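Undergrad: Got a structure here, written out as structure tokens. Questions coming.
The values are calculated or read from the model by the stated rules, or taken from the named source; none is laboratory data. Because the structure is predicted, anything quoted here is derived from the model rather than measured. Neighbour counts are summed over all protein chains in view; Cβ atoms, including those assigned to glycine, are modelled from backbone coordinates with ideal geometry.
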Amino acid sequence: MELKEMQQELTERIAQHKLVSATISQPRQKSGDLKRIRLKPVEIKDLYYIQFEYQHEHVLKHKNLTAEEAGQELENLFAEFRQGLFQFTEEKVQVQLSKKFKVGWKTEETGKKQVELSHNRKKQYLLEDGIPYPFLVRLGVQNPDGSVKKQKYDKFRQINRFIEFIDDALVHLPKDRTVRILDFGSGKSYLTFALYHYLRVEKGLDLRVTGLDLKKEVIEECQMIAEDLGYGQLEFLVGDINDYNEDSAVDMVVTLHACDVATDMALARAVKWNAKVILSVPCCQTELNHQIASPELNIMLQHGLIKERFSALATDSIRAELLSLVGYETQLMEFIDMEHTPKNILIRAYKTGRQPDAGQLERYRQFTALLSAKPFLENELKELL
Ligand SMILES: C[S@@+](CC[C@H](N)C(=O)[O-])C[C@H]1O[C@@H](n2cnc3c(N)ncnc32)[C@H](O)[C@@H]1O
């Protein structure tokens, strides 16, 4: 088979909307930056396109092309790459080019496969099951072929949900300098690696990320993983949130499941640094549970369980209000949309510099007085209120 004929055969099948997925690999120049290209059909505003995903050494790039343009792009790519694996609706096609562009063409009937256009998919995650992401394979969430391990599916969904928040926050990050991000209480750092992967590898941002945690062994392990992955602008440090200082501008502060007032320490730091974006999932909010006393609320507070839950909700409401009072547009959102795990609250705050409404501080004070609450965060921010 001639090269031209091979390209026509492929283009024809694509034009008939038969492509399920494809991978083009084996670059002629091993030292080149572009390593592999993946293809999949997508539907955008009712039109059919082929999405080309170009996997470079450190960055993923995407292009959506019409069927006709896709044929042209295949021609360009087969000048540089020697192998193509195409899954069409009823057959698998393997293309192998020799050094001198001799075409090897093998087909295999596979039975009918469904074309899944992106918009039809059950849930379009930013990271996809079936595509191997080096950090997810290294962290044991995916198998080397990209399939998500059954027992890690909840983690995979949580990571994807977190990346949605990161994606939303992108517009608030500076474009003209290195973006500085701190993750306080990073622990095993699944989400820190995810954040780095998304912003650096997928979006190509120039950034420096630090994960901070009290646990020396966990931090050493994370640092080793970052080095294995070649994540040169991600570092892990042992330290206490409360002692941590930073001279350069901080653009985003993340604090996920840091216990009790560790969350408040991180929020206070973020505010003082004028961070543009704060993403915080609090946990173990016990501070208020020890303070709260309010005869008007005794019908609730007499039950230990209710008191505990109410205190946690009031704590997060207070945090959100304090952030709003110091110039952040703040929302409380659901972090995990999973059926089988408890739902968490994520505090999302973007610095807008908006002044508080008339009476907002007074209403805040009435609320804390009602609960007899003396929040740690209020004390930390008292000069700004
Ligand atoms: C529940 S883990 C959460 C880990 C990770 N952020 C996540 O969401 O998967 C909370 C982490 O916060 C860390 N931590 C608690 N207080 C801290 C403090 N004052 N300074 C630094 N790290 C702290 C703990 O060591 C722990 O690893």
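Undergrad: Which numbered condition in (1) more than 16 Å from the chain's Cα centre (by Cα); (2) buried (at least 16 other Cβ atoms within 10 Å of the Cβ); (3) of a type outside the set (S, T, Y); (4) within 15 Å of the ligand (Cβ to nearest atom) is the only one that V250 fails?
TA: (4)
Undergrad: Here is a further query. May I ask you to list the residues in the stretch 87-115 that are in a loop (DSSP other than H, G, I, E, B) and exposed (fewer than 15 other Cβ atoms within 10 Å of the Cβ)?
TA: Within the stretch 87-115, E90, S98, K99, K100, F101, K102, T110, G111, K112, Q114 qualify.
Undergrad: Within the stretch 73-82, identify whether any single residue is under 30 Å from L205 (Cα atoms) and part of a strand (DSSP E or B), and answer yes or no.
TA: Yes, some residue in the stretch 73-82 is under 30 Å from L205 (Cα atoms) and part of a strand (DSSP E or B).
Undergrad: Here's a follow-up. Mind listing whichever residues of the stretch 254-273 are farther than 14 Å from L381 by Cα and assigned to a loop (DSSP other than H, G, I, E, B)?
TA: Within the stretch 254-273, just D260 meets the criteria.
Undergrad: Identify all residues within the stretch 226-244 that are within 16 Å of the ligand (Cβ to nearest atom) and either among the acidic types (D, E) or surrounded by fewer than 21 Cβ atoms within 10 Å (Cβ to Cβ) (or both); write none if there are none.
TA: Of everything in the stretch 226-244, those that are within 16 Å of the ligand (Cβ to nearest atom) and either among the acidic types (D, E) or surrounded by fewer than 21 Cβ atoms within 10 Å (Cβ to Cβ) (or both) turn out to be E235, L237, V238, G239, D240, N242, D243, Y244.
Undergrad: With respect to K123, determine if the residue is assigned to a strand (DSSP E or B), modelled with pLDDT under 95 and either closer than 24 Å to A226 by Cβ or basic (K, R) (or both).
TA: No; evaluated as a whole, the condition is false for this residue.
Undergrad: A further question on this structure: Within the group V141, V95, which residue is more than 16 Å from the ligand (Cβ to nearest atom) and hydrophobic (A, V, I, L, M, F, W, C)?
TA: Of the residues listed, the single one that is more than 16 Å from the ligand (Cβ to nearest atom) and hydrophobic (A, V, I, L, M, F, W, C) is V95.
Undergrad: I want to confirm something. Restricting to the stretch 208-225 and keeping residues that are buried (at least 20 other Cβ atoms within 10 Å of the Cβ) and more than 11 Å from the ligand (Cβ to nearest atom), which single residue is nearest to the chain's Cα centre (by Cα)?
TA: Per the criteria, the residue is V209.
Undergrad: Still on this structure, please answer the following. Go through (1) away from the ligand (no atom under 16 Å from the Cβ); (2) not in a helix (DSSP H, G or I) for L313 and report which single condition fails.
TA: Failing condition for L313: (2).
Undergrad: On to the next question. Of everything in the stretch 365-377, what is farther than 14 Å from D316 by Cβ and within 33 Å of the chain's Cα centre (by Cα)? Give them in sequence order.
TA: Correct list: empty.
Undergrad: While we're looking at this one, here's another question. Given the structure, is A169 away from the ligand (no atom under 12 Å from the Cβ), of a type outside the set (V, I, T), not assigned by TED's automatic domain parsing to the domain that holds R38 and not in a loop (DSSP other than H, G, I, E, B)?
TA: Taking the combined requirement at face value, the residue satisfies it.
Undergrad: What single numbered condition from (1) touching a Phe, Trp or Tyr at 6+ places or on another chain (Cβ under 7 Å); (2) over 23 Å from I50 (Cα atoms); (3) not acidic (D, E) fails to hold for K102?
TA: Among (1) touching a Phe, Trp or Tyr at 6+ places or on another chain (Cβ under 7 Å); (2) over 23 Å from I50 (Cα atoms); (3) not acidic (D, E), the lone unmet condition for K102 is (1).
Undergrad: Collect the residues in the stretch 273-291 that are touching a residue at least 60 places away in the same chain (Cβ under 8 Å), more than 16 Å from the ligand (Cβ to nearest atom) and surrounded by fewer than 20 Cβ atoms within 10 Å (Cβ to Cβ), keeping them in residue-number order.
TA: N274, Q291
Undergrad: Which one of these is assigned by TED's automatic domain parsing to the domain that holds L182 and either within 16 Å of the ligand (Cβ to nearest atom) or in contact with a Ser or Thr (Cβ under 8 Å, 6 or more places away or on another chain) (or both): M265, M300?
TA: That would be M265, the only listed residue that is assigned by TED's automatic domain parsing to the domain that holds L182 and either within 16 Å of the ligand (Cβ to nearest atom) or in contact with a Ser or Thr (Cβ under 8 Å, 6 or more places away or on another chain) (or both).
Undergrad: Restricting the first residue to the stretch 213-224 and requiring it to be of a type in the set (V, I, T), which pairs with a second residue that is more than 11 Å from the ligand (Cβ to nearest atom) meet a Cβ separation below 8 Å and a spacing of at least six or different chains?
TA: Listed by first residue and then by second, the contacts come to I219/F236.
Undergrad: Tell me which residues, restricted to the stretch 328-372, are of a type in the set (F, W, Y) and at pLDDT 95 or above.
TA: Within the stretch 328-372, Y328, Y350, Y364, F367 qualify.
Undergrad: Identify the residue in the stretch 1-39 that is farther than 19 Å from H58 by Cβ and acidic (D, E) and, among all such residues, is surrounded by the most Cβ atoms within 10 Å (Cβ to Cβ).
TA: E9
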